[in-house]
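As structure tokens, the structure follows; a few thoughts come after it.
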Amino acid sequence: MEKIKLNNVFKIFGNNAAKILPMVERGATKEEILEQTGHTVGLDNVSLTIQEGETFVCMGLSGSGKSTLIRHINRLIDPTSGEIFVEGTNVMELDKKKLIQFRRHKMSMVFQRFGLFPHKTVIENVAYGLEVQKINLNERNKTAMEKIEAVGLNGFEHQYPNQLSGGMQQRVGLARALATNTNIMLMDEAFSALDPLIRSDMQKQLLDLQSELKKTIVFITHDLDESLRLGDHIGILNDGKLVQVGTPLDIIMNPADDYVKAFVKDVNRVKIIKAKVIMISPEQFESNEEKNPNTVKVSEESFLEEFLPQVCCSPTTVEVVDKKGDIRGYITHNQLSSALTKSDLTL
Amino acid sequence: MERTDLMELKKAIDLGFRLFSRKYGDAIESFFDPLLFFLVRLEKLLLATPWPIIILVVAILAWLGSRSWKLVAGSAVAFMLIGYFGMWEDTMATVAIITVCTILCIAVGIPIGVLMSKSDRTEKTILPILDMMQTIPSFVYLVPILMLLGIGKVPGLIAVCIYALPPVVRLTNLGIREVDKETLEACDSYGATPFQKLTTVQIPLSLPTIFAGVNQTIMMALAMVVIASMIGVKGLGVPILRAISNQYLALGLMNGLAIVALAIIFDRITQQYGKRMQKHRGIQQK
């Protein structure tokens, strides 16, 4: 089901945005607009659809408009023109009161520099979304404690944010976003301010949480590895234009233009490609291949790097199994080698 | 402009204001009656309370504000000396007017500061008024106040407030404007109403700055005590005024030092309190 839909969204920053709009629509570039009018183009004709329960990663360099994009979804920024639908509601038609209700119940947000309240304790921070909804103290503390436990911060609930490390602070931010129990989570460079080890931990935590909660997540990042790891779909922004939308594999294997090519050039494929992506169906396998007695079972969700050492050095048959242990497909040496070398892998 | 025209203009303004004050003076005066009532009550209470209790209260306030034994001891000793040198009654009168003035400035100043922080246009309109209030020689606005309200406690109080109000307004505005943008986005994104945003985040986070403004307001109010005494405010300013006109060096010096002592005690207590507020909240490391 479509959860979030943007139709031809334009955003121009400046005093006279509406007047500049026709210029942008005619296709003038960001530089031309800036030079001739002093206005900055934030988003240039962005249309996209985000499905329920998926993680949509929006990637681009700084200044590409990705933070502007995410702020349009909960209308922290209003578009110059275009339509935004969330669960079928036209967000642009909401009045002030309805917008507040919409923000309280439909989506929550996690910020790059955490956006925590320094004068509130961890538990008060986590309960903030419930506090503004005027839910009573006992109930909101109960919910907040559940979320604090979910992100592994029990024992710290009465500390102040700046008594915690960066990673712990962002866990507070994450718990705060979970506490309002909204279906949509907006994460604006949520892990970019963390050091690499902690970032990787947080990514794993998010994946674990997501496998249970199945929320619709819009995640902003400038880090390709992060977007490949987290994203079900990735949208790449350049100068306010959405240049490519696709699955991680699409992006790596079929980059749409030079900008995307430059992004994916140094990607380590074994870390990104999952077993289920390159497997062939059991029927196809049985009609073409001999089953090798030396078999290895791998989970369909595992990445190449996790089983590559076991299978690359001797002839082996790789059985891809799902969670229940049923065989879903096979990977042969042919598939392996093409996934690692060719750029036009057919899917 | 011709000299005669200028004379006419001045005369016209004077006459106009005189008519205005004759017509509305009483109404305006009665508007301030509750203030006068409160000021008189407070002064009477302070004077009726036995001195050891006042010193005890000052010591407790000093402890609550600063958690420093030195300041507690210093304040107690200073008040004892004031009593010993026979300035107790004047000091209590001064404390009363400073208290009322500070409360009034906070009650008026913080809302104005909040309004200023909400819109750039309001800020641009109010800032020059604040500049004027702080720089115009106080004798100049004493004239219309005297014409309107005559000599007494209320005109003195208003004169003090005009001079002492700007810092708390300025710093409230500044404090709220300095709150981190992402923190405010967090409020918005969780659906806080503008009023909730103000009360749960903006004011609590700017409290240390607002407090610095309150501290400045108290200091400026103390500085106005002598001038206010010229239009009938009792307190430490009265003997100083007498000392000026009669060249009594010792009298002037002693009462002057009493004002300094009050200023230092109030300043240290409020400043330390403001600092502790920041340490606890951990804002200063940001």
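Taken over the range A:78-112, residues that are under 30 Å from A:Tyr160 (Cα atoms) and touching a Ser or Thr at 6+ places or on another chain (Cβ under 9 Å) amount to 11. The single condition among (1) at pLDDT below 90; (2) assigned to a helix (DSSP H, G or I) that A:Ala28 does not satisfy is (2).
Against the test of being of a type outside the set (S, T, N, Q) and farther than 21 Å from B:Leu222 by Cα, the options B:Arg170, B:Arg177 yield a single qualifying residue, B:Arg177.
Applying the condition of being more than 21 Å from the chain's Cα centre (by Cα) and hydroxyl-bearing (Ser, Thr, Tyr) to the range A:259-306 and asking which residue is farthest from A:Ser227 (Cα to Cα) yields A:Ser287.
Would you confirm whether any residue within the range A:338-345 is at pLDDT 80 or above and either in a helix (DSSP H, G or I) or surrounded by fewer than 15 Cβ atoms within 10 Å (Cβ to Cβ) (or both)? The answer is no; no qualifying residue exists. Each residue in the range A:77-101 was checked for being of a type in the set (A, V, I, L, M, F, W, C), out of contact with any strand residue (DSSP E or B) (no Cβ under 7 Å at 6 or more places or on another chain) and touching a residue at least 12 places away in the same chain (Cβ under 8 Å), and 2 pass.
Does the range A:301-318 include one or more residues that are in contact (Cβ under 8 Å) with a residue 40 or more places away in the chain, touching a Phe, Trp or Tyr at 6+ places or on another chain (Cβ under 8 Å) and of a type outside the set (Lys, Arg)? Within the range A:301-318, one or more residues are in contact (Cβ under 8 Å) with a residue 40 or more places away in the chain, touching a Phe, Trp or Tyr at 6+ places or on another chain (Cβ under 8 Å) and of a type outside the set (Lys, Arg). Can you say whether A:Asp44 is over 19 Å from the mean Cα position of the chain (by Cα) and in a loop (DSSP other than H, G, I, E, B), as far as the supplied structure shows? No, not satisfied. Each residue in the range A:43-66 was checked for being small (Gly, Ala, Ser) and over 20 Å from A:Tyr259 (Cα atoms), and 1 of them qualify. Taking the criterion of being surrounded by 21 or more Cβ atoms within 10 Å (Cβ to Cβ) and either in contact with a Pro (Cβ under 9 Å, 6 or more places away or on another chain) or over 16 Å from A:Gln170 (Cα atoms) (or both), the only residue of the range A:133-154 that qualifies is A:Arg140. Candidates are the residues of the range A:109-132 that are more than 7 Å from every other protein chain (Cβ to nearest Cβ) and outside any helix (DSSP H, G or I); the one that is surrounded by the fewest Cβ atoms within 10 Å (Cβ to Cβ) is A:Thr121.
Checked against (1) in contact with an Asp or Glu (Cβ under 9 Å, 6 or more places away or on another chain); (2) farther than 21 Å from A:Ser62 by Cα, A:Ser281 meets all criteria but (1). Of the residues in the range A:150-163, not one is touching a residue at least 12 places away in the same chain (Cβ under 8 Å), over 15 Å from A:Glu124 (Cα atoms) and in contact with a strand residue (DSSP E or B) (Cβ under 9 Å, 6 or more places away or on another chain). Candidates B:Ile269, B:Ile240, B:Ile218, B:Ile244: the one that is more than 19 Å from the chain's Cα centre (by Cα), buried (at least 19 other Cβ atoms within 10 Å of the Cβ) and more than 14 Å from chain A (Cβ to nearest Cβ) is B:Ile240. Consider A:Asn292 carefully, then state whether it is modelled with pLDDT under 80 and touching a Pro at 6+ places or on another chain (Cβ under 6 Å). Spelling it out, A:Asn292 is indeed modelled with pLDDT under 80 and touching a Pro at 6+ places or on another chain (Cβ under 6 Å).
Can you tell me how many residues in the range B:231-250 are part of a loop (DSSP other than H, G, I, E, B) and polar (S, T, N, Q)? So the count comes out to 1.
Would you say A:Glu157 is more than 11 Å from the chain's Cα centre (by Cα) and outside any helix (DSSP H, G or I)?
Spelling it out, A:Glu157 is indeed more than 11 Å from the chain's Cα centre (by Cα) and outside any helix (DSSP H, G or I).
Once the range A:231-251 is narrowed to residues that are surrounded by fewer than 22 Cβ atoms within 10 Å (Cβ to Cβ) and among the aliphatic types (A, V, I, L, M), the residue that is nearest to the chain's Cα centre (by Cα) is A:Val245.
I'd like to verify a number: residues in the range B:8-43 that are in a helix (DSSP H, G or I) and surrounded by 11 or more Cβ atoms within 10 Å (Cβ to Cβ), how many?
22
Is it true that some residue in the range B:161-182 is more than 24 Å from B:Val95 (Cα to Cα), in contact with a strand residue (DSSP E or B) (Cβ under 9 Å, 6 or more places away or on another chain) and without any contact (Cβ under 8 Å) to a residue 40 or more places away in the chain? Yes, the range B:161-182 contains a residue that is more than 24 Å from B:Val95 (Cα to Cα), in contact with a strand residue (DSSP E or B) (Cβ under 9 Å, 6 or more places away or on another chain) and without any contact (Cβ under 8 Å) to a residue 40 or more places away in the chain. Restricting to the range A:161-193, and then to whatever is away from chain B (no Cβ under 14 Å) and buried (at least 20 other Cβ atoms within 10 Å of the Cβ), can you tell me which residue is farthest from B:Tyr190 (Cα to Cα)? It comes out as A:Phe191. Scanning the range B:200-222 for residues that are within 16 Å of A:Pro118 (Cβ to Cβ) and in contact with a Cys (Cβ under 6 Å, 6 or more places away or on another chain) gives a single hit, B:Val201. Would you be able to tell me the number of residues in the range A:25-42 that are closer than 18 Å to A:Lys66 by Cβ and not basic (Lys, Arg)? Result for the range A:25-42: 3. Those helices (runs of 4 or more DSSP H) of the range B:81-193 in which at least 3 residues are within 14 Å of another protein chain (Cβ to nearest Cβ), considering only elements entirely within it, cover B:181-189.
The values are calculated or read from the model by the stated rules, or taken from the named source; none is laboratory data. All values derive from a computational prediction rather than experimental measurement. We place every Cβ from the backbone using ideal geometry, glycine too, and count neighbours over all the protein chains shown.
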